[in-house]
1. Sketch the reach of a paramagnetic label on Lys76 as a point 7 Å from Cα along Cα-to-Cβ, and name the residues of region 141-169 whose backbone nitrogen lies under 20 Å away.
2. What's the lysine pair count for the chain at a Cα cut-off below 15 Å, pairs eight or more apart or interchain?
3. Heavy-atom accessible area per residue, region 41-157, 1.4 Å probe: how many Å²?
4. Could you look at the chain and say what percent of its accessible area is carbon and sulfur, using a 1.4 Å probe and all protein chains?
5. Using the Cα gyration tensor of region 129-169, with a ≥ b ≥ c the square roots of its eigenvalues, what is the shape: rounded (a/c below 1.5), prolate (a/b larger than b/c) or oblate (neither)?
6. If we sort 135-141, 61-67 on the protection proxy, mean other Cβ atoms within 10 Å, highest first, what's the order?
7. If I take R0 = 25 Å and measure r between the Cβ atoms of Glu129 and His91 in this structure, what FRET efficiency does the formula 1/(1 + (r/R0)^6) give, to the nearest 0.05?
8. With a ≥ b ≥ c the root eigenvalues of the C-alpha gyration tensor of the chain, is it rounded (a/c under 1.5), prolate (a/b larger than b/c) or oblate?
Amino acid sequence: MSAADAPTMADEFQTFLALMGRLNYTWTNTESLLIHMIAGLAGVTKEVATVIFLTLNTSRARIDLVERLAKLDTQKPDLREEVLSLTRDMHKTLKLKNKYNHCIYSFDNEGRNASTILMRISDQKHKIEYGKSSPINAREITLVRETIQKTQTLNKSLWEFFKQRKFPV
């Protein structure tokens with residue numbers, strides 16, 4: 001491959017943006033499965049679980065609810081462990097998705113060398129930190145691809161869980 005044929009940084013960023021769309025789609029599709037988890041754990045209809053799901057306005061709140069329902073004394077220990085394992089996997093995906101959805105993107109003076117600037121405050125003992133910057137490079141693109149694959153696998157695992165546990169679908 002000649003230098004002229006090599007992918008440019010602009011191509012790399014376009015690939016990254018397309019993958020972010022795919023990650024968001026994959027996450028949203030998988031997050032919606034929490035409706036079935038809420039229905040099964042709370043013993044309510046899918047319609048009631050949908051209202052509960054939509055009332056909670058963050059992914060973290062929805063996952064927290066599912067985890068709390070699983071931790072109730074009325075749940076069997078094997079069910080609890082299975083649910084918590086599934087939600088641990090969801091947290092991993094959510095962390096990366098949030099990193100890229102709650103940041104700003106910066107470029108050098110020529111509009112190249114894309115990087116993220118995290119829009120989160122980190123409280124330290126005697127100071128605050130913010131604006132952590134990370135390059136968007138081949139390593140990050142690989143990480144996003146891997147996370148998409150893991151989310152797709154998680155989605156299939158959730159459907160299998162619902163089938164085995166006879167949760168409302």
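1. 157-169
2. 7
3. Spelled out: the 1.4 Å probe surface of region 41-157, per residue, equals 66 Å².
4. 54
5. Oblate is the answer for region 129-169, as a/c is 1.5 or above yet b/c matches or exceeds a/b.
6. Details: 135-141: 15.0, 61-67: 18.6.
Output ranking for 135-141, 61-67: 61-67, 135-141.
7. 0.65
8. Verdict is prolate for the chain.
The values are calculated or read from the model by the stated rules, or taken from the named source; none is laboratory data. Note that this is a predicted model, so its numbers are computed, not measured. Quick reminder, even Gly has a Cβ in these numbers, built from the backbone with ideal geometry, and neighbours come from all protein chains shown. We work out accessible area using only protein heavy atoms, side chains counted, and drop any ligands, DNA or RNA first. Shrake-Rupley method; radii C 1.70, N 1.55, O 1.52, S 1.80 Å.
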